[in-house]
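Written below as structure tokens is the structure these notes are about.
The values are calculated or read from the model by the stated rules, or taken from the named source; none is laboratory data. Just so it is clear, the model here is predicted, and its values are computed rather than measured. Virtual Cβ from ideal backbone geometry, glycine too; neighbours counted across all protein chains shown. To get the accessible areas, we keep the full protein, side chains included, count just its heavy atoms, and leave off ligands, DNA and RNA. Shrake-Rupley method; radii C 1.70, N 1.55, O 1.52, S 1.80 Å.
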Amino acid sequence: MERSLFTRMRVNAWRTKLALVLVGLLMLSLCTACGAKGKNQDPTKITGEVFDAGNVSAMAPKGWKAFPVSDVFDAYEGDNNPNSIYLCKGAKNEFDLFSKPLVTITYYGPDTIYYSAKSLFEDAKDIEGFTLGDYDWTGYEYASFEDAKTIMVEAVKDDITITACFLTKTGNQTLSLEDPDIQAILANIKVTE
């Protein structure tokens, strides 16, 4: 006995719906796996290239690029500031510093006075202290743009201070202190003077 055209169409529609649901579940599982890749990574396992500015060095994790900071005030010998480093995620050249996630690291030596800028921001909120690498870090965050905050962390050891500053959102990319790349950067900062 042959099925009616209506019955065959219902069976085909059911099979089509089942196939679409299975494809959707497969895509969801693949997207979830890709999204979780970097967030659960152990920061001690992250590799990259070390950039030495002169008085301070930091690791640029794989996918990041380090850049020297220009000596705009001619305070040092040479063209670059030996106390600062830019680390930019996904950068190809210096122009990417304006459009991609950026971490600025600055070293304040024994002959430099450092003042925290926290008091300049009415909405500044303290960040719970933590230890990474050679330093105990404290810090604060404050609103910068509509949906982005600036995070500033500071480490004081003996007579030196090191700061790291970054925006939590640049374009559609986000950074946080929980990000393994950020933790790896902080853990690998060294004084090299």
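Could you check how many residues of region 150-166 are surrounded by fewer than 18 Cβ atoms within 10 Å (Cβ to Cβ) and within 17 Å of the chain's Cα centre (by Cα)?
The number of residues fulfilling the criteria is 2.
Return the residues of region 167-184 that are open to solvent by less than 60 Å² (accessible area, probe 1.4 Å), under 12 Å from LYS89 (Cβ atoms), of a type outside the set (D, E, K, R) and assigned to a loop (DSSP other than H, G, I, E, B); say none if nothing qualifies.
Residue satisfying the conditions is LEU175 alone.
Scan region 170-189 and tell me whether some residue there is more than 16 Å from the chain's Cα centre (by Cα) and in contact (Cβ under 8 Å) with a residue 24 or more places away in the chain.
Initial filter on region 170-189 (more than 16 Å from the chain's Cα centre (by Cα)): none.
There is no residue in region 170-189 that is more than 16 Å from the chain's Cα centre (by Cα) and in contact (Cβ under 8 Å) with a residue 24 or more places away in the chain.
Is region 98-109 home to any residue that is closer than 21 Å to THR174 by Cβ, outside any strand (DSSP E or B) and charged (D, E, K, R)? Full working, then the answer.
The first filter runs over region 98-109 and keeps only residues closer than 21 Å to THR174 by Cβ, leaving 98-105.
This time we only want the ones that are outside any strand (DSSP E or B), so: 98-101.
If we keep only those that are charged (D, E, K, R) too, we end up with 100.
Looking through region 98-109, at least one residue is closer than 21 Å to THR174 by Cβ, outside any strand (DSSP E or B) and charged (D, E, K, R).
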